[in-house]
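The values are calculated or read from the model by the stated rules, or taken from the named source; none is laboratory data. What you are looking at is a predicted structure, and each value in this text was computed from that prediction instead of being measured. All Cβ positions, glycine included, derive from the backbone under ideal geometry; neighbour counts span all protein chains shown. Heavy atoms of the whole protein, side chains included, go into the accessibility calculation; ligands, DNA and RNA do not. Shrake-Rupley method; radii C 1.70, N 1.55, O 1.52, S 1.80 Å.
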Number of protein chains: 4
Amino acid sequence: MKLNWGMIGGGEGSQIGPAHRLGALADGNFSLVAGALDADAKKGRAYAQRLGVAPDRAYGDWREMLAAERDREDRLDLVTVATPNSTHFEITKAFLEAGFHVLCEKPMTMTVEEGEEIVRVSRASNRICAVNYCYSAYPMVREMRHMVATGQVGKVRLVVTNFSHGHHGNAEDADNPRVRWRYDPAMAGVSGQFADCGIHALHMASFVVGDQVDRVSADFASTIPSRMLEDDAMVNFRMTGGTVGRLWTSSVAIGRQHGFDIQIFGETGGMRWASEQPNQVFYTPVGERTQIMEKGESGLSDEAARLSRVAIAHPEGFPLAVANIYVDLAAAIRGELRDGLPLAEDGLRSMAAVHAAVASAKADGAWVDARPPMFR
Amino acid sequence: MKLNWGMIGGGEGSQIGPAHRLGALADGNFSLVAGALDADAKKGRAYAQRLGVAPDRAYGDWREMLAAERDREDRLDLVTVATPNSTHFEITKAFLEAGFHVLCEKPMTMTVEEGEEIVRVSRASNRICAVNYCYSAYPMVREMRHMVATGQVGKVRLVVTNFSHGHHGNAEDADNPRVRWRYDPAMAGVSGQFADCGIHALHMASFVVGDQVDRVSADFASTIPSRMLEDDAMVNFRMTGGTVGRLWTSSVAIGRQHGFDIQIFGETGGMRWASEQPNQVFYTPVGERTQIMEKGESGLSDEAARLSRVAIAHPEGFPLAVANIYVDLAAAIRGELRDGLPLAEDGLRSMAAVHAAVASAKADGAWVDARPPMFR
Amino acid sequence: MKLNWGMIGGGEGSQIGPAHRLGALADGNFSLVAGALDADAKKGRAYAQRLGVAPDRAYGDWREMLAAERDREDRLDLVTVATPNSTHFEITKAFLEAGFHVLCEKPMTMTVEEGEEIVRVSRASNRICAVNYCYSAYPMVREMRHMVATGQVGKVRLVVTNFSHGHHGNAEDADNPRVRWRYDPAMAGVSGQFADCGIHALHMASFVVGDQVDRVSADFASTIPSRMLEDDAMVNFRMTGGTVGRLWTSSVAIGRQHGFDIQIFGETGGMRWASEQPNQVFYTPVGERTQIMEKGESGLSDEAARLSRVAIAHPEGFPLAVANIYVDLAAAIRGELRDGLPLAEDGLRSMAAVHAAVASAKADGAWVDARPPMFR
Amino acid sequence: MKLNWGMIGGGEGSQIGPAHRLGALADGNFSLVAGALDADAKKGRAYAQRLGVAPDRAYGDWREMLAAERDREDRLDLVTVATPNSTHFEITKAFLEAGFHVLCEKPMTMTVEEGEEIVRVSRASNRICAVNYCYSAYPMVREMRHMVATGQVGKVRLVVTNFSHGHHGNAEDADNPRVRWRYDPAMAGVSGQFADCGIHALHMASFVVGDQVDRVSADFASTIPSRMLEDDAMVNFRMTGGTVGRLWTSSVAIGRQHGFDIQIFGETGGMRWASEQPNQVFYTPVGERTQIMEKGESGLSDEAARLSRVAIAHPEGFPLAVANIYVDLAAAIRGELRDGLPLAEDGLRSMAAVHAAVASAKADGAWVDARPPMFR
Ligand SMILES: NC(=O)c1ccc[n+]([C@@H]2O[C@H](COP(=O)([O-])OP(=O)(O)OC[C@H]3O[C@@H](n4cnc5c(N)ncnc54)[C@H](O)[C@@H]3O)[C@@H](O)[C@H]2O)c1
Ligand SMILES: NC(=O)c1ccc[n+]([C@@H]2O[C@H](COP(=O)([O-])OP(=O)(O)OC[C@H]3O[C@@H](n4cnc5c(N)ncnc54)[C@H](O)[C@@H]3O)[C@@H](O)[C@H]2O)c1
Ligand SMILES: NC(=O)c1ccc[n+]([C@@H]2O[C@H](COP(=O)([O-])OP(=O)(O)OC[C@H]3O[C@@H](n4cnc5c(N)ncnc54)[C@H](O)[C@@H]3O)[C@@H](O)[C@H]2O)c1
Ligand SMILES: NC(=O)c1ccc[n+]([C@@H]2O[C@H](COP(=O)([O-])OP(=O)(O)OC[C@H]3O[C@@H](n4cnc5c(N)ncnc54)[C@H](O)[C@@H]3O)[C@@H](O)[C@H]2O)c1
């Protein structure tokens, strides 16, 4: 039986909505049966119906949806929250408390306190609160995690990761509302580019290394003067096990499209992965030649094999990484919580790191504890 | 309302089955409601049910499926044929004649005569017979076609395309039945590698250039001596408008994974696309620098925009190219037949080219008419 | 003591002249002491002097140079012939007969008969006649030859090589005299692009595989109609040991800059090298991952190590490949003839292959013997 | 007339010696007439003679060379200092004071005070003291500098540069004396990897942007515990004109070979260059597609054209970048000092930045003034 799925946000023309729908539907695990898809109630209702949602479950608003769905027999198995950042906390918390499993977009919350609250609520309600760090669900990212875990690069000395694009590099476009809010503290919170893209990189560093970020030292810049929040940031960090981290994120790196990559350097080998060519890993055992690993090649880990859908060198892209999150969510909902699914704890850690980086940047690069208080 | 979809072949563990299911489901246009998925009736029935097909529509055999489905009220809107090549003709013909729309895997038939028959049946029955030349549905391939059609490279002088991999390069593996049949005329017909992979490249040449192959001169080789059919082929061709074509296909090119690419050289520009990085086109206007075009960039054609699902530089891969075929099939079934959907006529042309290339190779490279008799 | 070096052609503004001077001087083996550098006697004399040649050895003409140099005490140890193709035979023959060692640019001659004559004269005079197939002197090309010779890819089944650029793709430029002569039989002989670039690729196939081309089947095209000779050619070939060959060469491939590459596919592995990134080889042992080999890495053959000049990953380029030819020429002149230096026999084989390909193209792709009569 | 050239250090088997010899000889400007090539006097004398130096100018020691050369009629026009770092100051100073032009390897000195002293001596003696920041002499690096200077990317907001390799990543090799000294303050001074490689990147940032580094904030790590100096460093910086800089340098980045690259992001465009493919620049005007620029293409600046030696897409490598330094040195010695030649002032600025970065790293990333006192 298909699981019942509902969606909040991700309306027509939204950026991430299509990836969620492709992701949830692709493997036949979920049916879209309810939604409050748009800030504009009318548009949201109409669009939901065009997507096949029954009129009575095509809502104008998430509160309406919550009220109507909480007591249905055929209640939702999963709610995806793909609205703007500032609404994530409230919506996610409300649905968790009402007993729904939730997949929340990143960043999960705006503050550390909210993050801790979501962790608590999720634990108390015994509901899954996943966070859409979808890059971690690429088969070859799972493979890297497996390689670190099984010692194929030795103890990790260094992780270097970038998430830099140039899509906000045009000053003439800076006052365009679709861009502007991202650098306005009133709407975006304490951080611009780091909270938007940097946290994907930070999560991936932890995910692949299998360790947590302890402290950070940051240098933020607003290269377009009208911006109050940073559009470029360098964050150095240290992990619990001693790994040195370097993370550069930018939105003014004109010419870079989706410049998210990660390099892992351990005692006995190095690896490199880039999101624009996600089906390969370049792996170099120390003293040997670099090898090109391919998604779908024989001999990969069970995780990588399980999450790969077509034959070697048939590229699989971003929507299928999102689909892999839904695959693992379906399993989790059915009772099998697999290693690797990003959860509220991960969302919380990101928030703590964002706030620590902001504090460090303000303190001229001083090292700041990046752990959430509840995990210290 | 979702369209009713049935599948023949593509059973558990099959190579292409998952791509069809992802492709058909991803956009919510189709529901998988019937299937005869496996050569082994029992396995096929069980697997269909695990995929959510109702027991009474989980068939052991395509004839059983045809008999049961032809008179249902909630009859199938589309049947996909993803069985081994030699069965395509019989199954496709039977379903078309029974009034079903069909998506047939390539090669559509084994002989030119069968190909002409399918074209006739499809026309007579007024049913869509599409052929899964799925690479043509990548957004950036559509963009190239559009660029040629709108004169952005001028008259095309030359098209150079390769589809060469190394997955059958291991002689020790040559007697493995999963590999062996491909080079055995009893099972594979008149051609091995050219009929298997080369025809994708040939179709793409026609698709992008917007012209047909008139004649061919071929050099075939069986580099592993036990093979009766070619595992490497070079096919030179000429198109109706005079374009010169060069097509190399190999299955013993060890180190190449999915080496399918195409280069178009016209009077005022050149282009290059490769299937392992399908979201870019390298475009060089004559006398200018090479430009990197990206799927999702602003200013692309409506076709490319329509078939792209996530933001620029978020890679989209093979399963979504297949999904694009299903998008256009859904539209066609609903009455809007769009330019670009590969049809029985394309499947027939491929067969004619395969037989012409075989004849040419046997005649030491003599030039042979590659047009199906019915189109001369 | 430095060797005395003289140069014919390669005047100011010539394309290949600078590479010869860099090549000859770089390692301190040669001094430029004489030259007839230009078709224009006055310009040639002046330029030679600006390059440090003494006035009495700055000649206006190669005949003058031959007459003056043949009886000097401090006679030339080596004469480089870098004039247009049609003059190579006459000049090279005259200098060999006068007892000079010669490095002749490619193509060595215009006809097979002339080629055989040069071989005979070189043998009779016991002088070295080298031909500037300079790409064969890249360290990583030597490494590939070594790998084939030592069985690291097994028996070579297939060699695929391209030398295709787009620099003559602009029809408006086709009547520019600097381009035009190349496609005019009166000046260029029987072949255009194949004789100009294709023979580098053909030589490299033989060089790396360690075998000779036996027969060819060619398809030539003049994609710019005013051209009498081909600007695009596909040449299939077979080597003595059975290796299948495929060679594409074009000058209208707009967007390709210096598209010279080679792929070798053997029973137990494959390799790929490209002239635009000459310091790497991609090597795939059958059933294993592709490895990136780097010039300068430890463990390479003596040949590759000897011809590499700076540390790993410090790129070395085209002029140093030419310099490597001069390194081996210096050694040969001093008495040590090393394996790998391209000689008159290689120049002759190229000419025979050119004429065979032309004959095949005229005969619609018929297979033609490509061996020089004297080697049959 | 050729210029007389002498060399100190760069003995047989040294890393950088061959590049200097190729560089100085390639264009015929210099003759190697004197040398003290080796720490071992006997080996140095013998090797110099094998390189064609007359016995009486093949010295065992630089002091001996200085004493003998200072009063010769045919005195040296240029002395290259390619010895280990700690000797640069003393040798360079002595030769400048004796009236010789000097090309000193980087780092020019060990301390800021020494750096200022060299600047003073060079000015007082009116002798050229160049520093071998040879990457700045690649044609395409000059082109980038020209593009910035002529406003083709607008005001530069951000420069991101890395010089990271993995050649010291093997802990088992860390006690090998050839590696060890680099991380030992007694021999290497205050900094390991940053002073060795990082300063190339820092110089290039200044060179391309056309501005100076004002202050730095650094994070150093010794990822191999036995090391006293850093093997990995992140240095954030600000330039006088406000440009934000980010520089990562590492010697434990296993799998990176010669990972030196630079990205420039301005108000109206971005650029990227990498030392392993030095003949291309990727250039993106804001809002447009990325363009691939090629060394040797038409329309480049005079500087890029002048320093390129062979036709477009014929790669030129590291030794020819060094040769370009010698080309400009020959011109400077002959009276024409061209823009772009790296001089003592550049060497001094590097030293000041190294010491500032060390101080910052010790002060937990505090921002430190990076300007030499004499330039404040
Ligand atoms: N995981 C990823 O890789 C990734 C990528 C892009 C965006 N995101 C995240 O997804 C979220 C949405 O981003 P986007 O780029 O799609 O934004 P968007 O502005 O393109 O779309 C937001 C959608 O939410 C709707 N919406 C707004 N307020 C709503 C409300 N109160 N109730 C219901 N619907 C509402 C809007 O109408 C719109 O359809 C953000 O949190 C963003 O950070 C994640
Ligand atoms: N368009 C493409 O890019 C592409 C890629 C791969 C394969 N293909 C084509 O798809 C077809 C299938 O190839 P594959 O690689 O998936 O083969 P496969 O051998 O991996 O799978 C074939 C499937 O068909 C089933 N089957 C066989 N005979 C059947 C029958 N009579 N009735 C029902 N099911 C039957 C098998 O049990 C199996 O599940 C071939 O025609 C092939 O050329 C196309
Ligand atoms: N090995 C390679 O990779 C390579 C590359 C380019 C050219 N080439 C070959 O080098 C040769 C020269 O080509 P190019 O591109 O440098 O040509 P070019 O036209 O650029 O230069 C030819 C030079 O020869 C001079 N010259 C002409 N006739 C002369 C004569 N009778 N005596 C003395 N000098 C004379 C000209 O004045 C000019 O300086 C050709 O044979 C060409 O095939 C080889
Ligand atoms: N510009 C660049 O890209 C680059 C690249 C590599 C090295 N370098 C610099 O070049 C210098 C040399 O480095 P290397 O890697 O070639 O070192 P190396 O150890 O390989 O060689 C040093 C050479 O100097 C000789 N030598 C040592 N002390 C001497 C003395 N007192 N008198 C004469 N000769 C002496 C040694 O015998 C040896 O031949 C260093 O300063 C290094 O930083 C620069």
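Things to note:
- Of all residues in the stretch B:297-306 being touching a residue at least 24 places away in the same chain (Cβ under 8 Å) and small (G, A, S), the one that is nearest to the other protein chains (Cβ to nearest Cβ): B:A305
- Residue within the stretch A:365-376 that is at pLDDT below 95, open to solvent by 10 Å² or more (accessible area, probe 1.4 Å) and either over 21 Å from the mean Cα position of the chain (by Cα) or in the same structural domain as A:A26 (by TED's automatic domain parsing) (or both) present: yes
Residues are listed down the side, and each one gets a yes or a no for (1) more than 15 Å from the chain's Cα centre (by Cα); (2) open to solvent by 10 Å² or more (accessible area, probe 1.4 Å); (3) of a type in the set (A, V, I, L, M, F, W, C):
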| position | (1), (2), (3) |
| --- | --- |
| D:A98 | yes, yes, yes |
| D:H101 | yes, yes, no |
| D:P107 | no, no, no |
| D:V131 | no, no, yes |
| D:R145 | yes, yes, no |
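- So C:G115, is it crowded, with 24+ Cβ neighbours inside 10 Å, out of contact with any strand residue (DSSP E or B) (no Cβ under 6 Å at 6 or more places or on another chain) and assigned by TED's automatic domain parsing to the domain that holds C:V79: yes
- Among residues of the stretch C:1-17 that are outside the structural domain of C:G60 (by TED's automatic domain parsing) and free of Cβ contacts under 8 Å to residues at least 40 places away in the same chain, none has a beta-carbon under 7 Å from a residue that is open to solvent by 20 Å² or more (accessible area, probe 1.4 Å) and within 16 Å of ligand 4 (Cβ to nearest atom) at least six positions away or on a different chain.
- Pairs linking a residue in the stretch A:349-363 that is basic (K, R) to a residue that is open to solvent by less than 10 Å² (accessible area, probe 1.4 Å), with Cβ atoms under 7 Å and 6 or more positions apart or on different chains, are A:R349/A:P372.
- Taking the stretch D:9-86 as the region of interest, the helices (runs of 4 or more DSSP H) fully inside it that hold 2 or more residues being open to solvent by 60 Å² or more (accessible area, probe 1.4 Å) are D:41-50, D:62-69.
- Cβ-Cβ contacts under 7 Å between residues 6 or more apart (or on different chains), taken from a first residue in the stretch A:160-182 that is away from chain D (no Cβ under 13 Å) to a second residue that is open to solvent by 60 Å² or more (accessible area, probe 1.4 Å), are listed as A:W181/A:M187.
- Failed condition for A:D214, given (1) of a type in the set (D, E, K, R); (2) in contact with a Lys or Arg (Cβ under 6 Å, 6 or more places away or on another chain); (3) within 8 Å of chain D (Cβ to nearest Cβ): (3)
- Of the residues D:V310, D:V235, the single one that is more than 9 Å from chain A (Cβ to nearest Cβ), surrounded by 24 or more Cβ atoms within 10 Å (Cβ to Cβ), β-branched (V, I, T) and in contact with a helix residue (DSSP H, G or I) (Cβ under 6 Å, 6 or more places away or on another chain) is D:V235.
For every residue, the table says whether it meets (1) more than 25 Å from B:R180 (Cα to Cα); (2) buried (at least 24 other Cβ atoms within 10 Å of the Cβ).
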position: B:M204; (1), (2): yes, yes
position: B:V213; (1), (2): yes, yes
position: B:R256; (1), (2): no, yes
position: B:I262; (1), (2): yes, yes
position: B:F265; (1), (2): yes, yes
position: B:W273; (1), (2): yes, yes
position: B:Y283; (1), (2): yes, yes
position: B:E288; (1), (2): yes, no
position: B:M293; (1), (2): yes, no
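- Boolean, A:D339 is more than 7 Å from chain B (Cβ to nearest Cβ) and modelled with pLDDT under 95: yes
- Given (1) open to solvent by less than 10 Å² (accessible area, probe 1.4 Å); (2) within 14 Å of chain C (Cβ to nearest Cβ), number of the condition D:A356 does not satisfy: (2)
- Residue match in the stretch C:314-333 (condition: outside the structural domain of C:H203 (by TED's automatic domain parsing) and open to solvent by 40 Å² or more (accessible area, probe 1.4 Å)): no
- Selection from the stretch A:26-81 of residues that are over 25 Å from B:A24 (Cα atoms), of a type in the set (D, E) and either more than 16 Å from ligand 1 (Cβ to nearest atom) or free of Cβ contacts under 8 Å to residues at least 60 places away in the same chain (or both): A:D38, A:D40, A:D56, A:D61, A:E64, A:D71, A:E73, A:D74
- Of residues in the stretch A:182-202 being open to solvent by less than 40 Å² (accessible area, probe 1.4 Å) and among the aliphatic types (A, V, I, L, M), the one farthest from A:H167 (Cα to Cα): A:L202
- Filter result (free of Cβ contacts under 8 Å to residues at least 60 places away in the same chain and either under 27 Å from A:P319 (Cα atoms) or open to solvent by less than 20 Å² (accessible area, probe 1.4 Å) (or both)) within the stretch A:118-129: A:V121, A:R127
- Among all positions in the stretch C:191-207, there is no residue which is without any contact (Cβ under 8 Å) to a residue 40 or more places away in the chain and farther than 20 Å from C:A363 by Cα.
- For C:E288, the criteria (1) charged (D, E, K, R); (2) touching a strand residue (DSSP E or B) at 6+ places or on another chain (Cβ under 6 Å); (3) closer than 25 Å to A:F282 by Cβ hold in every case but one, which is (2).
- The set of residues from the stretch B:278-306 being closer than 21 Å to C:I254 by Cα and of a type in the set (D, E, K, R) comprises B:E288, B:R289, B:E294.
- Positions within the stretch B:313-336 being among the aliphatic types (A, V, I, L, M) and within 12 Å of chain A (Cβ to nearest Cβ), in sequence order: B:A313, B:L320, B:A321, B:V322, B:A323, B:V327
- Flag for A:I16 being closer than 19 Å to B:L320 by Cα, within 23 Å of the chain's Cα centre (by Cα) and within 9 Å of ligand 1 (Cβ to nearest atom): yes
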